[in-house]
Amino acid sequence: MPILEHLWIIPLLPLLGATVNGLFGRTWPNKIVNSVAIGATGLSFLAALEAVREFFLLSPEQIPWVKQYFSWIETGNFRAGFDLQVDQLTVVMLLVVTGVGWLIHIYSTGYMAHEGGYYRFFAYLNLFMFFMLILVLAANYVLLFVGWEGVGLASYLLIGFYFLRKSAADAGKKAFIVNRIGDFGFMLGMFLLFRTFGTLDFVKLFDKATPLSAEAMGHLGTLTVACLLLFMGAAGKSAQIPLYVWLPDAMEGPTPVSALIHAATMVTAGVYVVARSHVLFMRAPTAMLVVAVVGCATALFAATIGLVQTDIKKVLAYSTVSQLGYMFLACGVGAFSAGIFHLMTHAFFKALLFLAAGSVIHAMGGEQNMLHMGGLSKKIKWTYVTMLTGTLAIAGIPPLAGFFSKDSILLNAYQSENGGPNVGHILYAAGLFTALLTSFYMFRLIFLTFFGKERYDEHHVHVHESPKSMLVPLAILAVLSIVGGWLAAPAFWGQPDYFAKFLEPVFAAPGGAEANTAEAVAHALEWPLAAVAFITALLGGFAAYWLYLKQPSKPDRLAKSFGGAYQTLLHKYYVDELYAATIVRPLMWLSTNVFWKAVDVSIIDGAVNGIAEGITVVGDGTRRTQSGNTRSYAVWVVVGAIVIVAVIFWPHVRPILGVAR
Amino acid sequence: MNAFLYANAWLIITVVKVALLLFIVLTVNAYLTWFERKVVAHIQSRWGPHRVGPHGLLQPMADGLKFLFKEDPTPAGVDRFVYFLAPLLALALALTSIAIIPFGPDPLPWKILGQTIYLGILPPNVNIGILALFAITALGVYGVALAGWSSNSKYPLLGGLRSSAQMISYELALTLSVVGVLLIAGSFNLTEIINDQTSRYGILGWNIFPQFLGFICFFIAAVAETNRVPFDLPEAESELVAGFHTEYASFKFAMFFIAEYTSMITVSCLCAILFFGGWLSPFPASWTWTYYLPTVLLLPAGLWVIWDGLRYETIFGKVILPGIGAVMCILAIALVIFPGVNNFIQAPFWLLSKIFVFLFVYVWMRGTLPRLRYDQLMAFGWKMLLPVSIANVVITSFAILRWGAIK
Amino acid sequence: MIPTNYYIVLSAILFGLGVLAFIFKRNIISIFMSIELMLNAVNLAFVAFSQAMHKLDGQVFVLFVIVVAAAEAAVGLAIIILTARNRQSLNVERVDLLKL
Amino acid sequence: MTAPLIIFFVLAALAVGGALSLIFQKHPIHSALSLIVVMVALAGLYLLLGAEFVAAVQIIVYGGAIMVLFVFVIMLLNAGIEEHTNISRIAGFPGLLLAFVLTGFIAATIARSTDTVQAAAQPGNMASTRDLSNMIFRDFVYPFELTSFLILVAVLGAIVLAQREKA
């Protein structure tokens, strides 16, 4: 088992690439740089494939496969080792990360060809890969947290890649800070878990947690609190309400970055963590409900914002947020495998969409506003085809990937009994409506971009198809987003779908809540729900068609008539303003007036300066004694001698001085 | 009356001893001057004093009278107290140092006032004899230094400075060079040091053989201590007129003079005691005939003096000299007649003769050696004498560790 | 037969006198000498105690004190010579460079 | 009133007198002489205490070397009578007071602590120099070496300090 024995190779390769590029790449020509980067990621992808092949040879009791390489922190009974773990969940994530990551690397070589800081970009990208792999391979929360923070760092660096642009730098900072809030919760969660279970290794911890009975609904037990805290971190990383605000701004980064980090991999880390800790979540219904509700709300909320965005990448960003919402919804209703399934498919088609959008932007020479596009379908055929595929996939048109994943999520939501009978139906309805909106704004994007008359002047912009290096990944991803869903297809014919089956050992371990329900009611509901979802998607598409192709004047009139709502959506519900008003400005005020002016200036500096001045005063006083007259010094010496003698001889001296005993 | 005498016998006898010793030392001093002048004169092929008394024998008296009756001017602006103190100090210290020297091993055969009388003022069981001597010589500096300072004049001041520097420098070498002897004897007591040198082979037991280096250092340093030629920098006539006692006249000057000669005697005693076996005879004790050496020396001398007196020009001489010669002959014969006396005489005889030899060496050096330059003096003291004496100490201690006591 | 206290009291008195001299004298050299006086007083106490307790340590310490005093005198006098050379005065009140 | 007691008082009187004259003499040379008197007196006291070697060393080193050095320096610098400067008065009187207080403290302390060291000094038994040397070169050998090193350093320091810088 060469690779499984040496799992560390997989993350190490990108790290090497990053180091080499970061240190020496500066002076190298682009070709060498990107060959190093792609080589590193490609090799780690191959390694991952090999690892998976070997993984399938393992006997069930060998899973999860944990390797302890060296212990990193070891104090008392606490051990956080550099331990790597492989189980089915990891396998999925591993393949997604390395595979998609590799494709995006290839794509970037074309996309970034004319950008400055080429080596920097790839160094960061490889660094990201390294941390992401650490994250998914980690066998305990601490190491996972290392990867967690690392990807945060990489994302910060890459968002602020064009650091000369203030907006980019600010976006980077924003992402970082917002993530800190989440991480805070995550760390608290970790501490709580350690305090409760005395370990942070997944295997040990879950073994300890399994026998525990689920906490009563609405009762904040340790598990619930821990799960909520973990979810706080997840929400930060995966851009859920209320911490989603950084993701749209993150689009300041180069498009491949948006594709890789802010669509396919990093943002799904939250989902991964929740799925990873499902054992805990299963025993904390309240937390589950919270996850579900938050996910659902996010999905709906982001979708509505997505309706009116004109920046092509912003639209995709909000759609990402909303899709992540879907995933959390799935986890929330206990359909972890469905969540992960959607995670995978979403990784495919959202990466595809982003890259396609990137290609469009590339073609338009940096133009991102859809209102200045149109009728590109003939000019850039490949991009158009691939993007259309992605759209169909995300909109949930069978038999593409999105349809299956979304369908299973909705199904599970509909069946969820958690927190009362109707909750499931409400969640389902919201999810369905979100699906409608999704297909609507996606087709709106398509129509605005590729159809209608050109809304740009030919002279400045000469549209051109992107190079092979960009089209090939597009093609591959397109294929993936078509076939990616078929793993779940068998469910429609009563067979257990392969994906869920594959993940069963992981999720079914705690007497899988979803498994039996799925088996039980699945067939009855499978078809009708699927049909409903399909129709909804079509409706959205047609609405978009009718509005943006038949009578392009309609949207403006609609915007006029629903001015308030429209403005609200356009300004993303004023959330940023809200935060600015409720959090940022008070903080600013606090730090300026209290911590700076009051604490720092008056107390800290005051103390320092006060001491200094006091010493000056004392010095002035004592300087008087420095008469320079040796005689006076002599007198002082004598005084000191007398004091000493008096102290030593006190018992003898006391009666002389007549002091009473 | 008698009761009183017996009660304070110790005190009385000591006082008497002191008076006696004082008289002897002063006389010896006086005739030492005569001796010196004679010897130096003959070295320079002159006659020396021969007017006052036969062979100028009365010259010392004349000088003494002159000292007493000369005018004694006190220069202006001197620090009177110190000016008077200095010569007193010098003389007192010089004389005190003699008091420590033991002149013979055994007490007088008969008791006086019930006390056993030893030759020498202190009883022989004083442990710190040599240390006391060094202490006194150490203080000897002040006489010279203060004299030089107090007479409020350039030359004396320079002389005083020189002498104080010189004496401090050579005192180190002086003390260190004796350490070897002390190591061998294992005592500070002079009597014990002498007794330590007794051996069956007489002269071979003396410290001069194991401690030759030490003796050289000691003698040179001692000469320097006593400000004698060739180290008489403090009173270098050619440079400083008369050095520290330029401003002193008549009796104060005499005090310095006497002090100097007394310290010469002291040093000679020390040389004899420390290195040349003190009162021990150079011959093995078994050679009893050596007991008659005093007679053998005295008799011919006396006869020669008689003969020389008979053919002396002046009447006075013709009367006095044969008289002295006769006394000497009688003494010699008496020694033969009374063996007890003869035996008692032996020790003092040897000691005195050794002292005499060293005094002669002093004079001899004065007659022959030129004076050092000041920087040469210092360089010699610090760079030559001190290291050598230290080396001597080291070597001696190693030898003692290796072979136990030398003999 | 002399009580040790006599010696100690004597040494105390000498020490006090030394202190007085230390304070009153104006001539650097005299001040230096007063220091020596104090040292001597202490030595006396040492020897007296060593005699009283029939231990020689006291005398050994006296020897050390004397040695150190010699060293101190050498250096101190050198300093004094230097000062006198620079300030043309031996009066401590003229040597007030220590003033700020 | 035995003989040793008389000697003690004579020597003590000498010492105290010398110390007083050290204070009251105006000329450094006179102060030095009075100090010498004190030292000789102390040497006498040491003899009385039976510390003959210390007495000898006291005279040889203190009297014969250190004080000579003092006198030498005084002569070299040609130090004159102390001059009166009014500053000296200021420190004077508190100093007087202080000195008396100090002496009082110590003396009184000793006077009260009679019981501790009542063992008297016998002039008879002389501490043999041999034992002293044994102590110095066995028990106190490291301090001894240290002091010798100190002396070396002091000599070097004195030379460096006192030599005129060559023009």
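The values are calculated or read from the model by the stated rules, or taken from the named source; none is laboratory data. This is a predicted model, so every value here is computed, not measured. FYI the Cβ positions are ideal-geometry reconstructions off the backbone, even for glycines, and counts take in every protein chain you see.
Against the test of being of a type in the set (A, V, I, L, M) and free of Cβ contacts under 8 Å to residues at least 24 places away in the same chain, the options A:A544, A:A533, A:A612 yield a single qualifying residue, A:A612. Residues that are facing chain D (nearest Cβ under 8 Å), touching a Gly at 6+ places or on another chain (Cβ under 8 Å) and at pLDDT 85 or above were ranked within the stretch C:17-35; the one that is nearest to C:N91 (Cα to Cα) is C:F32. Only a single criterion out of (1) away from chain A (no Cβ under 14 Å); (2) outside any helix (DSSP H, G or I); (3) not aliphatic (A, V, I, L, M) is not satisfied by C:S89, namely (1).
A search for C-beta distances below 7 Å between a residue of the stretch B:133-144 that is more than 9 Å from B:A90 (Cα to Cα) and any residue that is of a type in the set (D, E, K, R), counting only pairs 6+ apart in sequence or on different chains, returns B:T137/B:E225; B:A138/B:E171. Just a yes or no: is a residue in the stretch C:63-83 at pLDDT 85 or above, more than 7 Å from every other protein chain (Cβ to nearest Cβ) and under 24 Å from D:E52 (Cβ atoms)? Scanning the stretch C:63-83 turns up at least one residue that is at pLDDT 85 or above, more than 7 Å from every other protein chain (Cβ to nearest Cβ) and under 24 Å from D:E52 (Cβ atoms). The residue that is surrounded by the most Cβ atoms within 10 Å (Cβ to Cβ), counting only those in the stretch B:380-407 that are without any contact (Cβ under 8 Å) to a residue 24 or more places away in the chain and within 27 Å of the chain's Cα centre (by Cα), is B:F380. Residues that are at the interface with another protein chain (Cβ under 10 Å from one of its Cβ atoms) and either over 22 Å from the mean Cα position of the chain (by Cα) or touching a residue at least 60 places away in the same chain (Cβ under 8 Å) (or both) within the stretch B:168-216 comprise B:L172, B:G186, B:S187, B:F188, listed in sequence order. Condition first: at pLDDT below 85 and facing chain B (nearest Cβ under 7 Å). Can you find one or more residues in the stretch D:43-52 that meet it? Looking through the stretch D:43-52, at least one residue is at pLDDT below 85 and facing chain B (nearest Cβ under 7 Å). Tallying residues that are within 7 Å of another protein chain (Cβ to nearest Cβ), closer than 22 Å to D:S31 by Cα and β-branched (V, I, T) within the stretch C:36-48 yields 0. With respect to B:F358, is the statement that it is touching a residue at least 12 places away in the same chain (Cβ under 8 Å) and touching a Cys at 6+ places or on another chain (Cβ under 7 Å) true? Yes; evaluated as a whole, the condition is true for this residue.
Exactly one residue out of A:F163, A:F194, A:F176, A:F130 is assigned to a helix (DSSP H, G or I) and over 22 Å from A:K67 (Cα atoms): that is A:F176.
The residue that is farthest from B:T288 (Cα to Cα), among those in the stretch B:164-222 that are charged (D, E, K, R) and in a helix (DSSP H, G or I), is B:E171. Scoring B:R46 on the criteria (1) basic (K, R); (2) part of a helix (DSSP H, G or I); (3) closer than 24 Å to B:W364 by Cβ leaves a single failure, condition (2).
Just to be sure before I move on: is C:Q51 part of a helix (DSSP H, G or I), at negative phi, in contact with a strand residue (DSSP E or B) (Cβ under 6 Å, 6 or more places away or on another chain) and at the interface with chain D (Cβ under 7 Å from one of its Cβ atoms) in the structure I sent? Spelling it out, C:Q51 is indeed part of a helix (DSSP H, G or I), at negative phi, in contact with a strand residue (DSSP E or B) (Cβ under 6 Å, 6 or more places away or on another chain) and at the interface with chain D (Cβ under 7 Å from one of its Cβ atoms).
When we screen B:L57, B:L65 for residues that are farther than 30 Å from D:A79 by Cβ and touching a residue at least 40 places away in the same chain (Cβ under 8 Å), the only hit is B:L57. Just one of the listed residues (B:A379, B:A301) is at pLDDT 85 or above, small (G, A, S), out of contact with any strand residue (DSSP E or B) (no Cβ under 6 Å at 6 or more places or on another chain) and farther than 25 Å from B:A224 by Cβ, and it is B:A301.
Counting the residues of the stretch B:313-345 that are closer than 30 Å to B:W289 by Cα and of a type in the set (S, T, N, Q) gives 2.
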